[in-house]
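Here is the structure we will look at.
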């Protein structure tokens, strides 16, 4: 089912990162339709253009806890924090094209300044890849990215960590205390991958409703079919959309088949034979064109996934 090993049954503690929710709303066209597009949010065009699956991973806090209130420096040097991300549930056939580490930087109001120039005081954030497990208390690391940031603003910082493995070591000189919003402000690793099935994620405009056919027309055509995920009991693991217009095909394929019924030569011949031999069935009204939708959901491991699923919406019908 949707490439999952089993039906997800997410725990109550599962959290959907706001970044992935915003990414879904922008990618699906919901944000533009509602007029709620956050201009500060940058859509990752380059990463998304090569991926049909986006996954979000919070760091494994039980392995590398972040302790608020502890000193962030020792002998004038920043104490590195190591965040571990468990990526073992990424399917083997999913090829990672890029990865992005997102860290929330909290504004520091209690900084003691001696002059007005200190208001522009800079801090450096270094991001390392842990190449080998620590031996004798030492880590073998490789610098992936470094950035100077100002302490007088709260904002997310994004780092390209595509070459990195599953262990990241963050060195920072900023103090950040987890508060009530910690679940939404935790370090987040976002992976962009493609499983070789279908097209990559693309920003799409909201669909404009198509004109309906005549109600008395019994010939093969598309009919409305809205799938509400709460009606089928899937709303506990599908975050968005709450439902979607899937459509279905229904109607007669009469002899002779008209051009607008989008028939194949085989269907025309089959219908012709049916007109003289009723033991041969008529051509069937079936989908001839299907399109994809994006779904944001919690998988069987409580991980948040944004995926482009092919052949979810009927775009055209015909006699086949």
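Tabulated data
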{"read-out": "Matching residues, the range 274-320, being in contact with a helix residue (DSSP H, G or I) (Cβ under 7 Å, 6 or more places away or on another chain), over 19 Å from residue 189 (Cα atoms) and in a strand (DSSP E or B)", "value": "294, 318, 319"}
{"read-out": "Residues located in the range 155-203, provided they are farther than 21 Å from residue 87 by Cα, modelled with pLDDT under 80 and over 16 Å from the mean Cα position of the chain (by Cα)", "value": "171, 172, 173, 174, 175, 176, 177, 178, 179, 180, 181, 182"}
{"read-out": "Considering residues of the range 257-270 that are touching a residue at least 24 places away in the same chain (Cβ under 8 Å) and assigned to a helix (DSSP H, G or I) only, the residue surrounded by the most Cβ atoms within 10 Å (Cβ to Cβ)", "value": "261"}
{"read-out": "Residue 137 being surrounded by fewer than 15 Cβ atoms within 10 Å (Cβ to Cβ), at pLDDT below 65 and touching a strand residue (DSSP E or B) at 6+ places or on another chain (Cβ under 8 Å)", "value": "no"}
{"read-out": "Only listed residue being modelled with pLDDT of 80 or more and either part of a strand (DSSP E or B) or loosely packed, with under 10 Cβ neighbours inside 10 Å (or both), chosen from 50, 102, 82", "value": "102"}
{"read-out": "Yes/no for residue 64 being modelled with pLDDT under 90, assigned by TED's automatic domain parsing to the domain that holds residue 184, surrounded by 13 or more Cβ atoms within 10 Å (Cβ to Cβ) and in a loop (DSSP other than H, G, I, E, B)", "value": "yes"}
{"read-out": "Residue identified as surrounded by fewer than 18 Cβ atoms within 10 Å (Cβ to Cβ), more than 25 Å from residue 240 (Cα to Cα) and at pLDDT 75 or above among 77, 92", "value": "92"}
{"read-out": "Conditions (1) at pLDDT 90 or above; (2) exposed (fewer than 13 other Cβ atoms within 10 Å of the Cβ): number failed by residue 215", "value": "(1)"}
{"read-out": "Near pairs, Cβ below 6 angstrom, 6+ apart or cross-chain, from the range 271-284 (more than 22 Å from residue 259 (Cα to Cα)) to any residue that is surrounded by fewer than 15 Cβ atoms within 10 Å (Cβ to Cβ)", "value": "none"}
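The values are calculated or read from the model by the stated rules, or taken from the named source; none is laboratory data. As the structure is a computational prediction, the values presented were derived from the model and not from experiment. Because the Cβ atoms are built from the backbone with ideal geometry, glycine has one as well, and the counts that use them run over all protein chains shown.
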